[in-house]
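Trainee: Input: one structure, supplied below.
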Amino acid sequence: MFWRIILLTFLIPSVYGVFGWSIAHERLSWSDWLLARGDEMNWTLTSEWLEIMIYILGVGVILSIALGLTLFSHLMPVFFRSWFKNDISAVLSILGWSLAVVFIFHKWAVFSRVLILLAATILGRLELQEAGYNRWQVFLMLTILCLGSFGLGIWAYNLWGHEFHRVTTD
């Protein structure tokens, strides 16, 4: 019981809060990069819209993790089947893991962030299931906790991040 309280009040909020902080910190460089690419392709997006799209992408990652771990957990065995079987699921499993390994090596920084988010959410899911909650309750609690912490991280960066960044670069 004690570990559930620690996990749900400190681990998940801190992981997703740091994720929100880092997205808020890097959004300007990402939107500048996307604007430069957009000028090459004649896009007519403003930096404000690109920043909103970056935040929506962060929310999409959080919702994908929460949905994937709570609602679609019965699909997990498909990805971990024996690769020596001669059926379509084995071929899809090999293809999926090959793409995952290439992504891991090519984008290590992105993968490590997603892995930390995934690990914190898995721990939260396991603790909530052990506490007796059903899938929908687990999904709802994890979604609210993760999105709330993500939003607090963005808010904290907008409140204090610019000052913190100025102090560390001076």
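The values are calculated or read from the model by the stated rules, or taken from the named source; none is laboratory data. Note that this is a predicted model, so its numbers are computed, not measured. When we count neighbours, we look across all protein chains shown, and the Cβ atoms used for this are built from the backbone with ideal geometry, even at glycine. These accessible areas exclude ligands, DNA and RNA; they are computed on the full protein's heavy atoms, side chains included. Shrake-Rupley method; radii C 1.70, N 1.55, O 1.52, S 1.80 Å.
Trainee: Between N158 and I5, what FRET efficiency comes out of the Förster formula 1/(1 + (r/R0)^6) with R0 = 30 Å and r the beta carbon distance, rounded to 0.05?
Mentor: That gives a FRET efficiency of 0.55.
Trainee: Here is a further query. Average the reciprocal distances over every distinct pair of alpha-carbons in the range 1-67, invert the result, and give the Kirkwood radius in Å.
Mentor: For the range 1-67, the Kirkwood estimate is 13.8 Å.
Trainee: Continuing with this model, one more query. Report the full-extension gain for the segment E48 to L118: residue separation times 0.36 nm, less the Cα-Cα distance, to one decimal in nm.
Mentor: Value of the extension gain: 22.3 nm.
Trainee: Right, here's the next one. Quick one: pull the percent of accessible area on the range 1-59 belonging to carbon and sulfur, 1.4 Å probe, ligands and nucleic acids left out.
Mentor: 73 percent
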